[in-house]
Structure formats: C-alpha cells, structure tokens
Amino acid sequence: MSSFKFEPHTFSVAIVLIVLLLNPREGLCSCYKRIFSFGDSTIDTGNFVHLIGKGKSKYTEPPYGMTFFKHATGRACDGRVLIDFYAQALQLPQIPPYLLKNDSREFPNGANYAVVGATTRGINYSVPLLNGTVGVNWSLGMQIYWFEQMAQRIAPGDGAKQHFLRDSLVVMGQISGNDYDSLFNAGRGRPGDNIQEIIIDIVIYITHFIEELILDYGATTFLVPGSFPMGCYPSYLNRFHSDNPKDYDKQGCLIWINEVCQKHNQQLHEELSRLRGFYPGVKLIYADYYSAAMEFIENPGKFGIGDPLVACCGGGGRYHSGMECNSTAKVLGDPSTFAYWDGMHLTEKAYSIIAQGVLNGSFADPPFMQGCYNNQFKP
C-alpha cells in the first residue's frame, strides 16, 4: 500500500488530479464514466499476450480477430468480447488492457485487468495451462493488486481513494471457469463430493474483493456474471465424451458439468443478495450468462446459428475440437453462424447476444438501467 499520508488540505488537489486523469475526453452517458473489469479469457483484451512478452501465442495470430478487427488483438475470440460490447453500450471507447497502458498512468475510460487462464483463487491452485500444469500468478487477487497500484498513483490518500470508483461500472468476471476446469481435469471427469465446499470457496473469493472495492474505493455499481453452461463447450464434449445417453441433456450438453455451473450460479446469486443487505446504496447486478447462452443453444436458428455445439475454428471430431485453433487451423465457416469459436470460447456473435440479453433483456438481476444509454443496445 502507498506510504503517502493524506492531509485534509490536500483533498481538493487530489480531487482535481482524479478529474484530470480520469475524466473522459468526450461527452458520454451520464451513468458510468469508466469501466474497470476483472476476469479471464472471456474478457481479456490483451493482458495475457503482454505478460508472455515475446513468447508465442495463438492469440496474436490469425484467424483470431478476423471478424471485427481483421487482425489478432490478444482476445480469445474471432472478434469482440463482452467488455467491448458493454463499453459500446455505454458510449465509451474500447477499454484498454491495463498491462499495455500502465506506463502512461492515464485511464480516462477505465481499464481491463482480465487475463487468459486467470483463476479466482491464487497461485496455490494449479491450472492446466500452456503445455503443463502451472500455478497462475494473475488470479483475481493479483488483478485487484494491479488495480490498487494504479489507484495509488492516480488518487493517493484515503480521501481521494474512497471516491475513485464512484462513477464507474465494475465488471467482476467471468472468472471462475479456470478453477472448475482445473477441478475437472484433476479428477479426469466428475468432481468429488466436496464440490459444494469448493463452490462456496470460489464465491467467497469473488464477494470478498467486491466488498474491498466498495469499502476502500467507493464502488457503487457492479456487474457480476455467473458461469456459462460449460457442459456445452465443444472441448468438454470431446474431452469428457460418454457412451451413456443419460449423461446428456436434450440439447446434447453434459449434465454433470452444467450442474456444477448451476450450483455456482445459485451460490453467487445468493451471496449477492446477502451483500445487498449490507450495502443498500450499492447496485449489485447479477448477470445470468448461463441462461443468456442457453437461448442460442436451445434455439440456434432464431439467431442464425447452425449446430450450436461445434467450434468454428479447429477441426476434427463431432465437435470440431479435435484440433487446436491456431494459424494452421481451418475456419469451418462464417463465425457469425457459430456459437463457439475455438472449443472453449464463444464467437463475437454469441457474446453480442449475451451482452444484449444482459443489457436489454431479462438476464440481469436487478435489470441494468437502460437510461444509461440512449437507445436499446444493438451490437
């Protein structure tokens, strides 16, 4: 933590500093002037590729980024990810990845701390990643630490710090997927009887950091996503194939994996309800990514999607996930007709459907304030 000692007479100076460094350079909507986001590959916009430096990564090569940007950007997608759509809806520029911009010390529209492979829990928990099992050091706790470093530079002193997030939207996730991925792989399938204890542990980590941002930085609005229906991931359908038809639901997704996701979502939803009782002045929005994704999995034709359980990039096997998506892989069609991009990540099309459902539809509790943007959001 900063050793700077805040004195009352420095308060006005500190506030001016915040305004100069954080105030957007253009007229924006009145609700949220900035977005600060934490999470994993579902919203990483370039932090991971910065972390690995000159190391080789498929996220810096085509066909990643082919749809919107026309080049790879570090996103684990063919185009934009959820944070891009939230920024667009709030009339903000794309939120920059923190690690690429931290030297500039200027974050007028916020910053994105999400990293591919990030876990909720810290380095003592291992995640299969990058050709081996390693403990990641860019967990949610580390991302919060990066945020604190930035806040200390821009708004030193307790008085200024406590107003830092007042006009910001904090997107807390999605972040739990890699925790559960590690669990599934460690057990080579179904988790043990202690799964409920693990879920509670993960959810407690998330809500702990929410409280920290409320108490220490004055955060007033959070968007907290639940888990996606991971039992529908093409990679998992290939990896955990079962010859027992009872292991699959009517859409063809693995029931036991989706049950873990549903339990996680229920626990997270309950914890957010509990927090609302302690912080009545804070808006805690639960984003139901599970139900939003099931919309196009259950009724893909409504959205112009073909088979919703196959990957667009890769190839091999029933789910097109027998081969890795990289610069030598096949793109098996127009990404806008697929729900999944590379077996583990959604396409830009799928993310846009989820974002629209959260912002305009019934997949946010309480509903997102539509008054925060001029018209109903249309990607």
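Here are the numbers for this structure:
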quantity	calculated
Under-5 Å amide H pairs with Lys330, H placed in peptide plane, nonlocal only	Gly314
Arg276 accessible area, assembled protein chains, probe 1.4 Å, Å²	60 Å²
For Thr328, solvent-accessible area (1.4 Å; no DNA, RNA or ligand), Å²	120 Å²
Selected from Gly277, Asn258, Phe303, residue furthest toward positive end of dipole (the stretch 225-307; charges at beta carbon)	Gly277
Label zone at Glu298 (point 7 Å along Cα-to-Cβ), backbone N below 14 Å, the stretch 351-369	362-363
Summed side-chain charge close to Phe303 - residues other than Phe303 whose Cβ falls under 10 Å, Lys, Arg +1, Asp, Glu -1	+1
Amide H contacts under 5 Å for Thr347, placed H, 5+ residues apart	Tyr340, Trp341
Accessible area in the full protein assembly, largest first, 1.4 Å probe, for His320, His345, His208	His208, His320, His345
The stretch 287-351 - Rg (one decimal) and Dmax (whole number), Cα, Å	11.5, 36
Calculated FRET value between His163 and Asp201, using beta carbons and R₀ = 45 Å, to 0.05	0.90
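The values are calculated or read from the model by the stated rules, or taken from the named source; none is laboratory data. Just so it is clear, the model here is predicted, and its values are computed rather than measured. Glycine gets a Cβ as well: all are built from the backbone with ideal geometry, and neighbour counts include every protein chain shown. With ligands, DNA and RNA removed, areas are computed over all heavy atoms of the protein, side chains included. Shrake-Rupley method; radii C 1.70, N 1.55, O 1.52, S 1.80 Å.
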